[in-house]
Amino acid sequence: MNEVDSTWNRELINNLVDDVTANRILAIPISESRPEDMLVWKYEGLGEYTVRSGYRVLITDYLQSDLHMSSTNEEYKSFYMDLWTLHIPEKIKIHVWRLFNNMVPHYENLARRTLCEEAVCPLCKEDLETTEHLLGSCRVLRTIWTSNKLIHEGTKFSMPHLLGFIRGYERDLGLVRENLYVSTALMRNEVWRPPDYGFVKINFDASFIPGNNFALIAILARNHKGEVIEAVTYMVEDVDDAFVAEARACERALILARLKGFRRLIVEGDSLTVIKKLTKNEEDRSIIRPIVHNIHRLRQGFDEVSYQFVNRSLNAAAHTLAVEGRHRKVCGA
């Protein structure tokens, strides 16, 4: 590691290991604050190993390999043959097949294929909408699964009880649809608002495409009149994760604010993961931990800093700046 600027010694790493290993090492984010090393399970958002996440990783790796397609392996053939012969609606069979192959069209998968901009769960607005989130951790859907346990656990009940459950289930779905409609309408009516007098609002975003190992980040600072006082783009190398790119963008926003002498900041971004990690008091064990640690260190140099998650529509200016910067390969003020 280069002690002066807290970066990887690229030349030394390339001399010690092969190119693939070197790229994986260089992609590990480090920062000036240099928090102590710790063991982190990268396949779980909290960084801690769970049996469920371990099982999920093994199954995913297995399905993505050619092993389960081997002619000597009859388990999956038998499973799918049994599945297709079940007397259940075809849409359920297809849904099970999609679950096994991670082809459920939830927002996280759609965003990965650039078919939508927002990957946040529209029901609870607390996390990314993934298969695991929908089936287990979504607060709104969990209330439905919890109420549904009387069927899954085989509880005996009378016909009136059953009718009451069905009516309650229908009412819950109606409330979900109503809340979704209201929240969607509110999102359409939202507009970017300038900060109060004495504050500077900074919007950050990153444009990242997997496989390129770099990201273009954009910082846009505006005063209480809504006037742009700083607009800068930076290229960040050795990045192979979108969350790392977004975290670097937020870090760069505070560095720019410190250089310009801003004292009171409102920092806005459309990365829910980054904003949540900056606002929570619990210890971060994710891959962006060094960056988050350095952002907290930088924050101590300001009078006041707050972080706010906003939808892509409210972060459109920074997003456009980042995308155009990447397309035109332009960096600077």
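With the simple spin-label model, which puts each label point 7 Å out from Cα in the Cβ direction, the His224 to Leu135 separation comes to 5.2 nm. Amide H contacts for Leu265 (H built 1.01 Å from N in the peptide plane; partners 5 or more residues away or on another chain; cut-off under 5 Å): Val200, Glu304, Val305, Ser306. For the range 249-318, the alpha carbon positions stretch 31, 30, 16 Å along the principal axes, listed from largest to smallest.
Summarising the amide proton neighbourhood of Tyr49: residues at separation of 5 or more, or on other chains, whose placed amide H is nearer than 5 Å comprise Trp41. Ranked by the mean number of other Cβ atoms within 10 Å of their residues, highest first, the peptides 192-204, 300-312 come out as 192-204, 300-312. Going 7 Å from the Cα of Asp303 along its beta-carbon direction, which residues of the range 198-221 have the amide nitrogen within less than 13 Å of the resulting point? The answer is 198-200.
Pairs exceeding 28 Å between alpha-carbon atoms, taken from Lys91/Lys277; Lys125/Lys201; Lys201/Lys276; Lys42/Lys276; Lys277/Lys329: Lys91/Lys277; Lys277/Lys329. What does the charge count around Thr131 come to, taking other residues whose C-beta lies under 11 Å from its C-beta (Lys +1, Arg +1, Asp -1, Glu -1)? That works out to -1.
With a simple spin-label model that places each label point 7 Å from the Cα along the Cα-to-Cβ direction, the separation between Lys276 and Trp41 comes to 1.7 nm. If you take the square roots of the eigenvalues of the alpha-carbon gyration tensor of the range 200-328 and sort them as a ≥ b ≥ c, do you get rounded (a/c under 1.5), prolate (a/b over b/c) or oblate? Here the range 200-328 falls in the oblate category.
If we count other beta carbons within 10 Å of each Cβ, what is the order of Leu134, Leu99, Leu216, fewest first? Intermediate results must be reported in sequence, preceding the final value.
Working: Leu134 16, Leu99 12, Leu216 28.
The most exposed by this proxy come first: Leu99, Leu134, Leu216.
Counting neighbouring beta carbons within 10 Å and listing from fewest to most, the residues Ser286, Ser271, Ser53 come out as Ser53, Ser286, Ser271.
Taken together, the values in this text are just the output of simple stated rules run on the coordinates, not laboratory data. All of these numbers come straight from a predicted model, not from anything done at the bench. FYI the Cβ positions are ideal-geometry reconstructions off the backbone, even for glycines, and counts take in every protein chain you see.
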